[in-house]
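Take a look at the structure below.
The values are calculated or read from the model by the stated rules, or taken from the named source; none is laboratory data. Being a predicted model, the structure only gives us computed values, none of them experimental. No Cβ is skipped: glycine too gets one built from the backbone with ideal geometry, and neighbour counts run over all protein chains shown.
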Amino acid sequence: MNHWISVAVQTPAHSSVSGPLTYRSELPLPPGTLVRAPLGSREVLGIVWSPADGPPDGRAAEATRTIAGALEGIEPLSAPWLELVAFAAGYYQRALGELALAALPPQLRELSSTQLARRLKASAGKPRDASAGNAIEKNPDFIALSDQQTLALAEFDSKPGPFLLFGATGSGKTEVYLHAVAALLERDPGAQALVMVPEINLTPQLEARFNARFAPRYGDRSVVSLHSGMTHPQRLKSWLAAHSGAARIVLGTRMAVFASMPGLKLIVVDEEHDPSYKQQEGARYSARDLAVYRGRLDGAKVLLGSATPSLESWHHSRPATVDDPGGRYTRLVMPGRIGDAGFPKVRRVDMNHQPMKTVFSAPLLDAIRARVARGEQSMVFLNRRGYAPVLHCADCGWKSECPHCSAFRVFHKIDRTLRCHHCGFTERVPRACPACGNIDIAPLGRGTERLEEHLAELLEGDTRPDGTPIRIVRIDADTTKLKGALESQLAQVHSGEVDVLVGTQMIAKGHDFRRITLVAAVNPDGALFSSDFRAPERLFSLLMQSAGRAGRDAALVAASDSASEMWIQTFHPAHPLFEALKKHDYPAFAARELQERQAAAMPPFSFQALVRAEARTQEVAQGFLNAASTGAQDTLAAREGFEEVMARITLYGAVPMTVQRVANVERAQMLVESGSRAALQRFLAAWQEILRQTRTDPAHKGLIRWAIDVDPLTI
C-alpha cells in the first residue's frame, strides 16, 4: 500500500522549490522521521514534514518516487522543532529544506545504516544516579547566592517570562544560570536546558563549570556542547545525546538553537547583545530571537542575560507606565557586583593634549607600571589585528591594496606578509615599493601586533616584583589559530604568568580574569561617528564589557592601593557615550539612543531587511536590485489586497556595500523598511518570485547570487 508523505530535502537557494516534496512510502511515517530519499541522481537525507493527500498535481502516482527508507533507531523530531524550523524558514526568507537540513549533523547524511547504528550505541550515556540527592545541597561547588541573585531567581520562578537579566559585569549572572538549571533538573527528571554563548572560545570554560556542577549528579554525558568548531563525529555524538534525552544540558553557540531537545524546558542566552548570535551567511537568522520564539513553542522559560542588553531587548523589557503597557519581557535587575566589589573607575585621557602620534599616554603608562609593581595585571585592547592596517610608500603614495578587493591588505610583521582579511589573499612583503622602487616603505596605523611591540619597547627595563622582565601576551585571531592555543594563553593569564594582556575584542567577552585591575582602550573613537546607526551601541557595549574584566576579585582590589580602572584614550572626552560610561550608566545611554532612534524611525521602532547582490560588475549588481525594486512596485502595487502593504513599505535605491569588492566579486545592497513587521514579511514573501524572475533577465547575466537579510545588524 502506498502512503503519501511530504519530505523536506535540501534544494538550491532561490529555486522555485522552497517547500517539501511529495514522495511515496511503503509504511506510514510520522512527521519528524528522518528518511533517505531520491533527489535527481542522488540519495539525500530528508525529514518527513507531514502526510500528503496524493501525488503532486499533474503527476501520475507511479511517477512519484519512493523513499529509500527511514533512519532506524532515531526517534522522530518533535512537533515544536518542526514548527520552529518552518517559522525560521518563512521569517528569514529561506527554503524549508535548506534550513531544516542545515540544522542536522552532517554525518547523518554521510553514514551508512551500520555506521549510524554504531554511533547510536556509543552515544548512550551512563545511567543517572537517582540516589545522589539534591544537586544544590550536596554539591560543594554550588556557592551561596547574594541577596540580589536570590531575588532575581525568585522572580524568575514566579513569572512566565521571557526574562531579561540585566546584571552588571561581575554580578554573578552565570551563578544564576547554574541555579536555575539545577532547580529545573531537580524538579523535572525529563527536563532539558539549553545554554547559549556567543562565541566558541567561551564554550570550554562554561562547559567545565557545568560539568563540575552536574556531571557528578547526572552522569558524564549529561552536559554536551554544540558548535561549529567540533568535528563531524563530535557534533553527531552531542546531537544524538540531546535528541535522545541522555544529555540534560546543551551548551552551544547560535547553531545550538536548533538542537533537537524533546524535553526542553529552559533556554538561557548569555551575552544576548552579542552580534555573533546573528548568522551572516546562508540563512541569516538571529539565534537570540529564535530562542525566544522556541521557548513559546516548547513551553520553556527563556532567560536573556547581559550587562549591556541590545536596545531591542531593553525596549522589550521596559516597565509599564500610565501611557505605555510596557514590553513583553520581564526585566530582572542585579546592579551590584559579587562580594561588594566596586566598579572600575573610568579615566579619560584627552589625546588632544598629548604629543603628536602618541600611542600610550604618559598617565596610562605610569598606571600600567604601578599595577605591575603590585603584582596585578592590565589589559589593553584595540579592535584591529595585525601589525598595521596598511603599508605605504611616502614617495609615490602606493598603498598595499588587495588586487581582488576594495580594501587594503594588512601588514603582519611576525611572518612578513601582507594579508587581506576579506578574501585571504596573502603575499610576502615586497623588498621595495612595487610602483616606484623606493625601499623605504613603512606601516601606517596600528594593529594589536604593533601595539604589543610598542608597549614592550616602552616597558623595556621595567620589572615584576620578583625582578624578572614584564611579560606581555597578545590574544587575537592570529595567535589563537592552532588548536589549544587560546586555552593555553588564557591559562597563563589566570595563573598570573602574564602582566599585560593585549588583544582584540575577543578578550573583552565573558572571561573571568580575577587578577586584572586595569583595562585600557587605546583608540575607540572610530565608531563614534560611523554611518551605521548601531555603531554607538556596539562601542558602548564593548567598552563596558571590557571595563567589566577589571576588579572582579573584591579581595584583590581591597588589598590594592587603588581601585580598579578603565582608561579611555580619546579625542572626544566630552562625548555623551563616554559620560554614560564614566557613571556605568547603561540605562541613561539606552534612553538617549532609543529616543534618537524613535525620532528617526529606526529599529526597534521600525523593521528592516537588506537585499544583497553579488555580480561581476557593480553595474549588474545594482541594476538587478533596482530592476527588482521597480518590478515590485509595478506588480505588487496592482495586486488585489496589496495596496495597503505597499503603502507601508519604503524601498531605497541600490548602493555599493561598504567593502564593495571582495575576491573580485562586486557587492551592492538595497534597504527595505517598514513600520509594520507583518507588512514587511508579506512584501518579502511576495517579492521572492519577482527577484527570481528578474534574475533570468539577460540584462543581469553577470549576477552571481543574491540574498535577503531580515533584521540586519550592519548596513
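It is to be established whether one or more residues within region 100-116 are modelled with pLDDT of 90 or more, buried (at least 21 other Cβ atoms within 10 Å of the Cβ), touching a strand residue (DSSP E or B) at 6+ places or on another chain (Cβ under 7 Å) and at negative phi. For region 100-116, residues modelled with pLDDT of 90 or more, buried (at least 21 other Cβ atoms within 10 Å of the Cβ), touching a strand residue (DSSP E or B) at 6+ places or on another chain (Cβ under 7 Å) and at negative phi: present. Looking at 217, 221, can you tell me which residue is basic (Lys, Arg), farther than 23 Å from residue 541 by Cβ and either part of a helix (DSSP H, G or I) or at pLDDT 95 or above (or both)? So the residue among 217, 221 that is basic (Lys, Arg), farther than 23 Å from residue 541 by Cβ and either part of a helix (DSSP H, G or I) or at pLDDT 95 or above (or both) is 217.
Residue 272 meets the conditions (1) surrounded by 19 or more Cβ atoms within 10 Å (Cβ to Cβ); (2) free of Cβ contacts under 8 Å to residues at least 12 places away in the same chain; (3) acidic (Asp, Glu) in every case but one. The failed one is (2). Inclusion of residue 306 among residues that are more than 17 Å from residue 103 (Cα to Cα), polar (S, T, N, Q) and within 14 Å of the chain's Cα centre (by Cα) is warranted. Residues of region 327-358 that are part of a loop (DSSP other than H, G, I, E, B) and either among the hydroxyl-bearing types (Ser, Thr, Tyr) or within 31 Å of the chain's Cα centre (by Cα) (or both): 327, 328, 329, 335, 336, 337, 341, 342, 343, 344, 358.
Give, as residue ranges, the strands (runs of 3 or more DSSP E) completely inside region 563-669 that count at least 1 residues that are among the basic types (Lys, Arg) and closer than 17 Å to residue 694 by Cα.
Correct list: 607-615.
With respect to residue 519, is the statement that it is closer than 25 Å to residue 343 by Cα, part of a loop (DSSP other than H, G, I, E, B) and modelled with pLDDT of 90 or more true? Spelling it out, it is not the case that residue 519 is closer than 25 Å to residue 343 by Cα, part of a loop (DSSP other than H, G, I, E, B) and modelled with pLDDT of 90 or more. Tell me, yes or no, whether region 48-67 has at least one residue that is modelled with pLDDT of 90 or more and not in a strand (DSSP E or B). Yes, region 48-67 has at least one match. Going by what's in this entry, would residue 296 be described as part of a helix (DSSP H, G or I) and over 21 Å from the mean Cα position of the chain (by Cα)? Yes.
Whenever a residue of region 207-236 is closer than 10 Å to residue 247 by Cβ, its partners that are of a type in the set (Asp, Glu) and assigned to a helix (DSSP H, G or I), lying with C-beta atoms within less than 8 angstrom and at least six residues away or across chains, give the pairs 223/207; 225/207.
Only strands (runs of 3 or more DSSP E) whose full extent lies in region 387-461 are considered here, and the ones with at least 2 residues that are surrounded by fewer than 19 Cβ atoms within 10 Å (Cβ to Cβ) and within 33 Å of the chain's Cα centre (by Cα) are 426-428. Filtered by the rule that a residue be of a type in the set (Val, Ile, Thr) and modelled with pLDDT of 90 or more, region 464-498 gives 468, 470, 472, 473, 498. Candidates 251, 264: the one that is among the hydrophobic types (A, V, I, L, M, F, W, C) and either in contact with a Pro (Cβ under 9 Å, 6 or more places away or on another chain) or surrounded by fewer than 21 Cβ atoms within 10 Å (Cβ to Cβ) (or both) is 264.
Find the residue count for region 495-520, including only residues that are touching a residue at least 24 places away in the same chain (Cβ under 8 Å) and surrounded by fewer than 23 Cβ atoms within 10 Å (Cβ to Cβ). First the steps, then the outcome.
Filtering region 495-520 down to residues touching a residue at least 24 places away in the same chain (Cβ under 8 Å) leaves 496-520.
Now restrict to residues that are surrounded by fewer than 23 Cβ atoms within 10 Å (Cβ to Cβ): 496-497, 504-506, 508-515.
Matching residues across region 495-520 total 13.
For the structure I just gave you, tell me whether residue 166 is at pLDDT below 90 and either outside any helix (DSSP H, G or I) or not assigned by TED's automatic domain parsing to the domain that holds residue 240 (or both). Full working, then the answer.
On the way: at pLDDT below 90: no; either outside any helix (DSSP H, G or I) or not assigned by TED's automatic domain parsing to the domain that holds residue 240 (or both): yes.
Considered against the rule, which asks whether it is at pLDDT below 90 and either outside any helix (DSSP H, G or I) or not assigned by TED's automatic domain parsing to the domain that holds residue 240 (or both), residue 166 comes out as no.
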